[in-house]
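Report on the structure given below.
The values are calculated or read from the model by the stated rules, or taken from the named source; none is laboratory data. Bear in mind that the values here come from a model prediction, so they are computed numbers and not experimental data. Note: ideal-geometry Cβ built from the backbone for every residue, glycine included; neighbour counts use all protein chains shown. Note: accessible area is taken over every heavy atom of the protein model, side chains too, but ligands, DNA and RNA are not part of it. Shrake-Rupley method; radii C 1.70, N 1.55, O 1.52, S 1.80 Å.
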Amino acid sequence: MSVAILFNPHDFHTPQSSYGKPDLLRSSEGGYFGPGNAQLPAPPMLMMDRITAINLDGGAFGKGHVAGELDIVPEHWFFACHFAGDPVMPGCLGLDAMWQIIGFWLGWSGSPGKGRALGVGEVKFRGHITPDVRLVRYEVDIRQVRRGRLVLGVADGRVLADGACVYLAKDMRVGLIAPKS
């Protein structure tokens with residue numbers, strides 16, 4: 001029986017305080033944090049253009065904070081199909097963006113394993129994102145981190161459309177699992 005090898009993300013990546021689109025695209029290709037570790041999805045499911053702030057001790061709970069942004073253009077793929085004649089970004093994509101951010105933060109902070117969304121406690125939609133919005137901002141505050149056989153990040157977040165809060169989420173959970181051997 002072989003044992004899965006877990007690579008230390010910091011052996012492959014030196015944490016930065018912000019990331020541009022080229023960095024996020026490299027993360028989507030895999031290996032950014034080492035083989036078998038956290039990676040972002042590739043476009044078109046990559047739901048951010050940049051991470052403007054990321055840290056270990058900020059946010060509402062003092063355990064970490066991440067802010068990411070997506071530039072909205074009327075040509076985004078989801079507007080053409082959701083809904084015909086009434087284009088709106090699906091709320092689940094905003095939630096997925098926040099899960100993406102939590103998984104990225106877990107790899108960035110040094111935890112090994114592949115990221116998987118594990119759930120959310122509560123989501124509230126207060127508005128929507130349409131083609132006339134220019135900027136979507138995701139703000140995620142890490143509430144709890146468990147580092148063991150299963151790495152678990154728990155966070156609260158919000159999505160802002162041109163500065164107005166349109167989604168709130170509590171108890172978003174992302175796990176990092178060891179690759180299968």
Restricted to segment 129-157, and to residues that are among the charged types (D, E, K, R) and at pLDDT below 95, which residue is farthest from Val88 (Cα to Cα)?
Arg149
Of the numbered conditions (1) open to solvent by less than 30 Å² (accessible area, probe 1.4 Å); (2) among the aliphatic types (A, V, I, L, M); (3) touching a strand residue (DSSP E or B) at 6+ places or on another chain (Cβ under 9 Å), Leu118 satisfies every one except a single condition; which is it?
(1)
Test: Ala42 is at pLDDT below 95, part of a loop (DSSP other than H, G, I, E, B) and either more than 15 Å from the chain's Cα centre (by Cα) or surrounded by fewer than 17 Cβ atoms within 10 Å (Cβ to Cβ) (or both)
no
Among the residues of segment 87-110 satisfying the criterion of being of a type outside the set (A, V, I, L, M, F, W, C) and crowded, with 24+ Cβ neighbours inside 10 Å, which is farthest from Val136 (Cα to Cα)?
Gly107
Would you be able to tell me the number of residues in segment 158-170 that are open to solvent by less than 70 Å² (accessible area, probe 1.4 Å) and either hydrophobic (A, V, I, L, M, F, W, C) or under 12 Å from Leu95 (Cβ atoms) (or both)?
9
Right, Arg137: assigned to a strand (DSSP E or B) and in contact (Cβ under 8 Å) with a residue 12 or more places away in the chain or not?
yes
